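Novice: The structure under discussion is supplied below as structure tokens; questions concerning it will follow.
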Amino acid sequence: MSKQIIKKLHGVLLPIIVSIVFISCFILSATAQKDSVPVLKTYHIGIFAPLYLDSIFTNIGTIRFTEALPKFITQGLDFVHGAQIALDSMQVGKENIEAFIYDTKSYTQPIGQLINNKKLDSLDVIIGSVKDVEFKQLADFALAKKIPFISATYPNDGGTVANPFLVVVNSTLKAHCEAIYSYLLQNHGSDIIFICRQKGTQEDKVASYFKMINEQDGKPLLDIQTLNFDSTISPDFLKEKLDSNRQTVIIGGSLDEVFANKLITACYELHQTYPITLLGMPNWDNFRALLKKDTYQDFPVYITTPYFNSKWDVYSKMVNTAYSKKYKGKAGDMVFKGFECTYLFTKLLTKYPGNVMSHLNEKSLKVFSDYNFRPILLKKESAVPDYYENKHLYFIRIMNGTFSKAW
């Protein structure tokens, strides 16, 4: 066996089955072939996700949930399922891969304890669907050990500075604002542009990002006006700001679903008379009203996203087939994210051992999405990157409940 893939579910002895929880746990050993197979280098990969296994099981080993698992649990499980499918699909090469899966919500072996007990010291790369405290712990550990930490799903830098081993795959809110601004500059420089917002911390951030980007030379390059709303958004008030003879771009400067729905409704009521292009925030893709076919019929809403997967490529078909066979269901977005990050960065590790950070933009290993990882310097005088971030964003059109690539 020229390649050994070992998958260990850290701290779990019992396999959990199908619709409730299913995480395969087995070891493929080449010991019997010791005399015939040369000793190969082994690469150690740590996959971290919130599995809440201590919450799923009782003290006697039975499962607490008799029906569907809560969504906050299934997100991490789906990510791990995708990672396992990726490991299963690895083609034979000249290396051994030892992959460990860690539950970041473990009571008995939390990340801090694993680090203090040197249980993670052998890892060559960390792939994590983590946030908040666990994100900070893994980022600090990666810096101390000088190994790549691939933050797969958290759209935030977590306050990290001077850490050239941190890779943010899911682009930050600032990066999304930069992409929207670049689109405006290229396509709507002479049009009416409004940022519509309500009061709130996130809304302040969005507004400040656009202001900073637009006024880099001390004065605004584009005429972007801000419209502040309270709990209501009146189509009549909005209509007073529009011109039926000019294109208007409206930026929904809020991540709040209720506000977004009100803004979309107001724009929808006016769009047949007033030419409106509505740009939303990246989390709008999960808003229920936009997922319905008839709510905003034939009215497009545009968002930016670092992920685009047509689901028709070879990898997607492989994921769908493997997931359906193993878990008797349909693979969700987190499955594909777990697959993509695990496959891509495991391949990078084995192709460029010890030098992954210099080859983050390796095009030949593309799975689903195009990535453009750039060094981020929060201060121009910084000697090293504070982290690396994916700056490639797709513009997606949501219309009649369907998603398609716009630009």
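Novice: Would you be able to say whether some residue in the stretch 334-354 is acidic (D, E), modelled with pLDDT of 95 or more, touching a helix residue (DSSP H, G or I) at 6+ places or on another chain (Cβ under 8 Å) and more than 26 Å from D204 (Cα to Cα)? Step through it out loud before you land on a result.
Specialist: We begin by selecting, within the stretch 334-354, every residue acidic (D, E); these are 340.
Going one step further and asking which of them are modelled with pLDDT of 95 or more, we end up with 340.
Filter once more, keeping what is touching a helix residue (DSSP H, G or I) at 6+ places or on another chain (Cβ under 8 Å): 340.
Checking which are more than 26 Å from D204 (Cα to Cα) leaves us with 340.
Within the stretch 334-354, one or more residues are acidic (D, E), modelled with pLDDT of 95 or more, touching a helix residue (DSSP H, G or I) at 6+ places or on another chain (Cβ under 8 Å) and more than 26 Å from D204 (Cα to Cα).
Novice: Could you please find all residues in the stretch 355-369 being assigned to a loop (DSSP other than H, G, I, E, B) and in contact (Cβ under 8 Å) with a residue 60 or more places away in the chain? Lay out the reasoning, then the answer.
Specialist: Kept after step one, since they are assigned to a loop (DSSP other than H, G, I, E, B), are these residues of the stretch 355-369: 355, 360-362, 366-369.
L360, F368, S369, listed by residue number.
Novice: Out of all the residues in the stretch 382-397, is one or more in contact with a Ser or Thr (Cβ under 6 Å, 6 or more places away or on another chain) and of a type in the set (V, I, T)?
Specialist: yes
Novice: Condition first: within 18 Å of the chain's Cα centre (by Cα) and among the β-branched types (V, I, T). Now tell me which residues in the stretch 290-312 satisfy that.
Specialist: If the condition is that a residue be within 18 Å of the chain's Cα centre (by Cα) and among the β-branched types (V, I, T), then I303, T304, T305 are the ones that fit.
Novice: With respect to the numbered conditions (1) without any contact (Cβ under 8 Å) to a residue 24 or more places away in the chain; (2) touching a helix residue (DSSP H, G or I) at 6+ places or on another chain (Cβ under 6 Å), which one is the sole condition not fulfilled by F237?
Specialist: So F237 meets the others, but not (2).
Novice: Same structure again: Would you say L344 is in a helix (DSSP H, G or I) and either free of Cβ contacts under 8 Å to residues at least 60 places away in the same chain or within 20 Å of P306 (Cβ to Cβ) (or both)? Outline the logic, then answer.
Specialist: On the way: in a helix (DSSP H, G or I): yes; either free of Cβ contacts under 8 Å to residues at least 60 places away in the same chain or within 20 Å of P306 (Cβ to Cβ) (or both): yes.
Spelling it out, L344 is indeed in a helix (DSSP H, G or I) and either free of Cβ contacts under 8 Å to residues at least 60 places away in the same chain or within 20 Å of P306 (Cβ to Cβ) (or both).
Novice: Which members of the stretch 57-76 meet the condition of being modelled with pLDDT of 75 or more and over 27 Å from K145 (Cα atoms)?
Specialist: The initial filter retains those residues of the stretch 57-76 that are modelled with pLDDT of 75 or more, namely 71-76.
Of everything in the stretch 57-76, those that are modelled with pLDDT of 75 or more and over 27 Å from K145 (Cα atoms) turn out to be K71, F72, I73, T74, Q75.
Novice: Can you tell me which residue is nearest to A49 (Cα to Cα) among those in the stretch 367-393 that are at pLDDT 95 or above and charged (D, E, K, R)?
Specialist: Across the stretch 367-393, the extreme among qualifying residues is E389.
Novice: Can you name the residue in the stretch 349-373 that is of a type in the set (K, R) and loosely packed, with under 15 Cβ neighbours inside 10 Å and, of all such residues, is nearest to I85 (Cα to Cα)? Steps first, please.
Specialist: The first filter runs over the stretch 349-373 and keeps only residues of a type in the set (K, R), leaving 351, 363, 366.
Imposing the further condition that a residue be loosely packed, with under 15 Cβ neighbours inside 10 Å reduces the set to 363, 366.
On the way: K363: 22, K366: 17 Å.
Result: K366.
Novice: State whether one or more residues within the stretch 325-346 are farther than 15 Å from I150 by Cβ, hydroxyl-bearing (S, T, Y) and over 18 Å from the mean Cα position of the chain (by Cα).
Specialist: Checking the stretch 325-346: at least one residue is farther than 15 Å from I150 by Cβ, hydroxyl-bearing (S, T, Y) and over 18 Å from the mean Cα position of the chain (by Cα).
Novice: Turning to a different aspect of this structure: Pick out the one residue from S171, S208 that is part of a helix (DSSP H, G or I) and out of contact with any Gly (no Cβ under 9 Å at 6 or more places or on another chain).
Specialist: Values: S171 fails: part of a helix (DSSP H, G or I).
S208 is the lone residue from the list that is part of a helix (DSSP H, G or I) and out of contact with any Gly (no Cβ under 9 Å at 6 or more places or on another chain).
Residue-wise test of (1) part of a helix (DSSP H, G or I); (2) over 28 Å from the mean Cα position of the chain (by Cα); (3) within 26 Å of F141 (Cα to Cα); (4) at pLDDT 90 or above.
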{"site": "I17", "(1), (2), (3), (4)": "no, no, no, no"}
{"site": "V21", "(1), (2), (3), (4)": "no, no, no, no"}
{"site": "S24", "(1), (2), (3), (4)": "no, no, no, no"}
{"site": "I45", "(1), (2), (3), (4)": "no, no, yes, yes"}
{"site": "L51", "(1), (2), (3), (4)": "no, no, yes, yes"}
{"site": "H81", "(1), (2), (3), (4)": "yes, no, yes, yes"}
{"site": "F100", "(1), (2), (3), (4)": "no, no, yes, yes"}
{"site": "K105", "(1), (2), (3), (4)": "no, no, yes, yes"}
{"site": "Q109", "(1), (2), (3), (4)": "no, no, yes, yes"}
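Novice: Then there's this: Please verify whether K211 is surrounded by fewer than 16 Cβ atoms within 10 Å (Cβ to Cβ), basic (K, R) and either in contact with a Ser or Thr (Cβ under 7 Å, 6 or more places away or on another chain) or at pLDDT 95 or above (or both), treating the condition exactly as stated. Explain how you work it out, then say what you get.
Specialist: Numbers: surrounded by fewer than 16 Cβ atoms within 10 Å (Cβ to Cβ): yes; basic (K, R): yes; either in contact with a Ser or Thr (Cβ under 7 Å, 6 or more places away or on another chain) or at pLDDT 95 or above (or both): yes.
Yes.
Novice: What pairs can you find where one residue is in the stretch 42-68 and on the phi > 0 side of the Ramachandran plot, the other is at pLDDT below 70, and their Cβ atoms are less than 8 Å apart, with a gap of 6+ or different chains?
Specialist: From the stretch 42-68, the pairs are G61/L14.
Novice: Looking for whichever is over 30 Å from P50 (Cβ atoms) and either polar (S, T, N, Q) or outside the structural domain of K262 (by TED's automatic domain parsing) (or both) here; the options are S182, S151. Which one fits?
Specialist: Values: S151 fails: over 30 Å from P50 (Cβ atoms).
Testing whether each residue is over 30 Å from P50 (Cβ atoms) and either polar (S, T, N, Q) or outside the structural domain of K262 (by TED's automatic domain parsing) (or both) leaves just S182.
Novice: Would you check if there is a residue in the stretch 385-405 being in a loop (DSSP other than H, G, I, E, B), more than 18 Å from A175 (Cβ to Cβ) and hydrophobic (A, V, I, L, M, F, W, C)?
Specialist: Taking the stretch 385-405 first, the residues in a loop (DSSP other than H, G, I, E, B) are 385-386, 391-393, 400-401.
In the following step, the residues that additionally are more than 18 Å from A175 (Cβ to Cβ) were identified as 400-401.
Restricting the remaining residues to those that are hydrophobic (A, V, I, L, M, F, W, C) gives none.
Taking every residue of the stretch 385-405 in turn, none turns out to be in a loop (DSSP other than H, G, I, E, B), more than 18 Å from A175 (Cβ to Cβ) and hydrophobic (A, V, I, L, M, F, W, C).
The values are calculated or read from the model by the stated rules, or taken from the named source; none is laboratory data. In this text, all values refer to a predicted model and were calculated from it rather than measured experimentally. Counting neighbours? That spans all protein chains shown, and the Cβs are built from the backbone with ideal geometry, glycine included.
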